[in-house]
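This report concerns only the one structure given below.
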Number of protein chains: 2
Amino acid sequence: MTELRRDAVTGNWVVVATERARRPDHFRKSKAKDEECPFCYGQEKMTPPETLAYRTNGGAPDSPGWSVRVVPNKYPVFVRDASLRPSGSGLYYSVPSAGGHEVIIHSPDHEKSLPELPIDQVALVIRAYRDRYLFFKGVKEVDFIEIILNHGKDAGASLEHSHSQLFAMPLVPPAAQDQLAGAADYMLKNSRCIYCDIVETERENGVRAIADEDGFFAFMPYASRLPFESWILPLEHQAFFEEIDEASMRSLAKMLILILGRYNEVLSKPSYNLFLHTTPCKSEDRSYHWHIEIIPKLTAIAGFEFGTGMMINISTPEDAAAFMRGEKSDQ
Amino acid sequence: MTELRRDAVTGNWVVVATERARRPDHFRKSKAKDEECPFCYGQEKMTPPETLAYRTNGGAPDSPGWSVRVVPNKYPVFVRDASLRPSGSGLYYSVPSAGGHEVIIHSPDHEKSLPELPIDQVALVIRAYRDRYLFFKGVKEVDFIEIILNHGKDAGASLEHSHSQLFAMPLVPPAAQDQLAGAADYMLKNSRCIYCDIVETERENGVRAIADEDGFFAFMPYASRLPFESWILPLEHQAFFEEIDEASMRSLAKMLILILGRYNEVLSKPSYNLFLHTTPCKSEDRSYHWHIEIIPKLTAIAGFEFGTGMMINISTPEDAAAFMRGEKSDQ
């Protein structure tokens, strides 16, 4: 069963997805277990049939030889099932958890994480993000698409083989709503993009900047929610990730390798969550500025954060950015 | 340094509290380490001077003989420091993280968790909650007080000796705002309390009910955010926790022992977070209904939850409540 339940008091939605309880909870780490990994060559039948794969050898679907492969998640949070109907009323209200939930396998290599892959391979991963984004943008029920990379057990990854997930959902989730509303409001009042203004200020000031290359800018936000949170934005105002061009896919790949590589050096290969945030896929409002947010999993989220909805950050982004730029090395 | 920084886009606040990085990150579990535990008898000098202690023997402050003891947190998130001023402007805005942050030590017993203590002792803990709540309600800078119990390492507790924390803060946090707004809106439209209506429906329906005794009702909410989330509410409409009477302190103690004891049986002594949510302390609006929320830490919060602000629950509250009532025992 998978459905979206509405909290009668707050209006917040919860995804109830009981099938996910069946996921394997062990973490496949050793190379010896390659033969069991559903994301390795030769194991293609262990996953649902692929929805996209890049192959240069002209091989058959669901056979080895691919460089990036996309498959439906075996334990989906959002499902394509038109038979579902909204149910309940008043205090108890649910809607179908309609949409899609896919896994983007970054490469056939079981061992290498994203920043250890060649630039061209990472650019292919971004192309797969774009291609599947465009597919789900065309699906009637889908209002919002979020692409997430959970790296490492502490970040919630259940399989070690490097992969991302795409969630295509029938509503705009609260975290996105907050940013969209803020950006729209600022645009209305200032006729400017708030993210463009932040980028301009951060590039001038420099204290929270990490890297500035080929049209992408990486920095640590002033109100970083957790230690070493970083954001990557295109310098030019772009509302829609799916409009990314060929050259930018490569530049973004380079920037991702740079930033994730720095994390590996400075924080000794941390677990992390990476999100791609962009405009809702049926919207034509251009006030938002798509970007990537990366949050290393260094501290536990305890009762305070959950109970209040407010984060406690035990370091400053100014300090963290200095570490990432290599200006500080002792902590 | 401890300050509240405002996210320019969303308006959300983050607490930057760098002193907390110095907290001991090991978890004192073995009895052999009692002599190092700052919450045990004889170690009173290891904590800042107590702000409250219940003693029947007439002993001196910061000496053994207390039954419940309250001390300032050594690594506070909110501090009493009137010298702080708001700083910044435009995109970069911070306010002093003013208020208070205290630790309520549940008993001198290093080993016993809350539900293993006698009812009278747990009622004393609730009295300490109430007494310190009333103190901070009188502090000018304080707008909201949240009391939290983190039990177990997985729930973020850094010391094993059973304790709660009180956070007195200069703003109403987002999670509280959401509930307060929902309750006020429902009251305006229906002239009724939404929590009273939920309790009535849940008592009639019964499928998510756990216990109903002495004026308190425990159940699992329809839109439970995580597996086995439960809520405890007073049956009578009460907006202000601090108005709790003597008899109710004892009834609530009994209910807490019952519910937390059930968790220990059904889920094999899980880690959990417990929150006490009540009306902002300077408000006179009576539309909210104070209650306790308990969330066992059974599944990890991964990228999806953090990136979207939406939770995935892999079980239903209907199933979980049946386990808690003892009607199901195999999972």
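The values are calculated or read from the model by the stated rules, or taken from the named source; none is laboratory data. This one's a predicted model, so the numbers in the text were calculated from it and none came from an experiment. Positions of Cβ are backbone-derived with ideal geometry, glycine not excepted, and every protein chain shown enters the neighbour counts.
Brief remarks follow.
- Of the residues making up region B:1-19, those that are assigned to a strand (DSSP E or B) and facing chain A (nearest Cβ under 7 Å) are B:ARG5, B:ARG6, B:TRP13, B:VAL14, B:VAL15, B:VAL16, B:ALA17.
- Sub-6 Å Cβ pairs linking a first residue in region B:97-116 that is over 22 Å from B:ARG55 (Cβ atoms) to a second residue that is of a type in the set (Ser, Thr, Tyr) and surrounded by 18 or more Cβ atoms within 10 Å (Cβ to Cβ), at least 6 apart or interchain, are B:SER97/B:THR2; B:SER113/B:SER162, ordered by first then second residue.
- Exactly one residue out of B:ILE232, B:ILE292 is surrounded by 23 or more Cβ atoms within 10 Å (Cβ to Cβ) and closer than 23 Å to B:GLU116 by Cβ, and it is B:ILE292.
- Some residue of region A:221-228 being within 12 Å of chain B (Cβ to nearest Cβ), under 17 Å from the mean Cα position of the chain (by Cα) and of a type outside the set (Gly, Ala, Ser): yes
- Restricting attention to region A:158-197, the residues that are under 27 Å from A:SER97 (Cα atoms), among the small types (Gly, Ala, Ser) and crowded, with 18+ Cβ neighbours inside 10 Å add up to 6.
- Count - residues of region B:231-257 that are within 14 Å of chain A (Cβ to nearest Cβ) and closer than 24 Å to B:SER268 by Cα: 1
- Among the residues of region A:68-81, the ones that are within 21 Å of A:LEU124 (Cα to Cα), crowded, with 19+ Cβ neighbours inside 10 Å and either among the β-branched types (Val, Ile, Thr) or free of Cβ contacts under 8 Å to residues at least 60 places away in the same chain (or both) come to 4 in all.
One line per residue, one yes/no per condition, for (1) charged (D, E, K, R); (2) buried (at least 20 other Cβ atoms within 10 Å of the Cβ); (3) within 14 Å of chain A (Cβ to nearest Cβ); (4) under 23 Å from A:PHE306 (Cα atoms):
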position	(1), (2), (3), (4)
B:ILE119	no, no, no, no
B:ALA123	no, yes, no, no
B:ARG130	yes, no, no, yes
B:VAL139	no, no, no, no
B:LEU149	no, yes, yes, yes
B:GLY156	no, yes, yes, yes
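- The single condition among (1) more than 30 Å from A:GLY11 (Cβ to Cβ); (2) at the interface with another protein chain (Cβ under 9 Å from one of its Cβ atoms) that B:LYS112 does not meet is (2).
- Criterion: surrounded by fewer than 16 Cβ atoms within 10 Å (Cβ to Cβ) and touching a Leu at 6+ places or on another chain (Cβ under 8 Å) - qualifying residue of B:GLU204, B:GLU213, B:GLU200: B:GLU213
- Some residue of region B:33-53 being at pLDDT below 80, surrounded by fewer than 16 Cβ atoms within 10 Å (Cβ to Cβ) and within 14 Å of chain A (Cβ to nearest Cβ): no
- Boolean, B:THR308 is in the same structural domain as B:ARG203 (by TED's automatic domain parsing), surrounded by fewer than 23 Cβ atoms within 10 Å (Cβ to Cβ), under 30 Å from A:ILE145 (Cα atoms) and of a type in the set (Ser, Thr, Tyr): no
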